[in-house]
Amino acid sequence: FPVTIFGIGNSTLWWSKQVKCITSVEDDEKWFNLIEGQLNAQYNNINYRFVKDRFAYASDFSKDTDIFIVDGSYRKECIEMILKQASFLMIIFDNSDWYPNTIRQIQNSINLVQIDFHGFGPINNYTWTTSIFLNPLRCQELKYRKTLRSIASLAQVSVED
C-alpha cells in the first residue's frame, strides 16, 4: 500500500520497514535536517520532503495513497485534503484526543469505521489516543501476514482452541 506520513519521525522509520514506499512530509526545517541525515544513511524507500507552506504541506501526497498517517503540523488542513480523496483505505491520526474538532470532522464526513487506541506511547510518560479510520469499502484488502502475538506477553494457546 502507498503510504503518506505528515510529520517525519519515528513512525516514518517504523513504517519504512513495513511497506515498500513511503512519502513523508515535514515543515520544521531544523527537525527535517536532523532526520534527513539518518534517512540518507539507512533508508532508501522513503521519499521525504520539506514543505513549509501550509496548503502545499497538506496537499503533498499522491492520489493513489492508500494509508495516511497524520502526525505532524496542519492536521485540520491535512484531513480536509485527505477527505477529498474518497478512495483511501485508512487514516491513522496520532494524538486524536488533542484534536476533537478535527476528529468530529472526520466522523461527520464519510462512513468510516473508527478504532481508538488509548495508553502510553513509546517515548512519553503520559497517555494519548491514536485513532484509525478505515474505509469500509476497502477493508477486505487488509490481511494479517504474521502470527498474531501480543508484544511483551507470554506465548500461550488456550486449551479451548
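If you go through the stretch 106-130 and keep only what is among the β-branched types (Val, Ile, Thr) and farther than 21 Å from residue 79 by Cα, you end up with 123, 127. Would you confirm, using the coordinates I've provided, whether residue 133 is more than 30 Å from residue 87 (Cα to Cα) and either touching a residue at least 12 places away in the same chain (Cβ under 8 Å) or of a type in the set (Phe, Trp, Tyr) (or both)? For residue 133, the condition - more than 30 Å from residue 87 (Cα to Cα) and either touching a residue at least 12 places away in the same chain (Cβ under 8 Å) or of a type in the set (Phe, Trp, Tyr) (or both) - is not met. When only residues in the stretch 6-20 that are out of contact with any Asp or Glu (no Cβ under 7 Å at 6 or more places or on another chain) and not in a loop (DSSP other than H, G, I, E, B) count, which is surrounded by the most Cβ atoms within 10 Å (Cβ to Cβ)? Selected residue: 12. Specify the residue that is least open to solvent (accessible area, probe 1.4 Å); the eligible residues are those in the stretch 97-118 that are aromatic (Phe, Trp, Tyr) and within 18 Å of residue 80 (Cβ to Cβ). Within the stretch 97-118, the match that is least open to solvent (accessible area, probe 1.4 Å) is 99. Can you name every residue in the stretch 136-151 that is outside any loop (DSSP other than H, G, I, E, B) and in contact (Cβ under 8 Å) with a residue 24 or more places away in the chain? Those that are outside any loop (DSSP other than H, G, I, E, B) and in contact (Cβ under 8 Å) with a residue 24 or more places away in the chain: 139, 141.
The residues of the stretch 22-34 that are open to solvent by 10 Å² or more (accessible area, probe 1.4 Å) and either closer than 16 Å to residue 58 by Cβ or out of contact with any strand residue (DSSP E or B) (no Cβ under 7 Å at 6 or more places or on another chain) (or both), listed by number, are 23, 26, 27, 28, 30, 31, 33, 34. Out of 148, 154, 142, one residue alone is surrounded by 10 or more Cβ atoms within 10 Å (Cβ to Cβ) and either of a type outside the set (Gly, Ala, Ser) or within 17 Å of the chain's Cα centre (by Cα) (or both). It is 142. The set of residues in the stretch 80-94 that are open to solvent by less than 10 Å² (accessible area, probe 1.4 Å) and without any contact (Cβ under 8 Å) to a residue 40 or more places away in the chain contains only 82.
Among the candidates 22, 5, the residue that is of a type in the set (A, V, I, L, M, F, W, C), in contact (Cβ under 8 Å) with a residue 24 or more places away in the chain and closer than 21 Å to residue 123 by Cα is uniquely 5.
The values are calculated or read from the model by the stated rules, or taken from the named source; none is laboratory data. Computed from a predicted structure; not experimentally measured. Backbone-built Cβ (ideal geometry, glycine too); neighbour counts: all protein chains shown. Note: accessible area is taken over every heavy atom of the protein model, side chains too, but ligands, DNA and RNA are not part of it. Shrake-Rupley method; radii C 1.70, N 1.55, O 1.52, S 1.80 Å.
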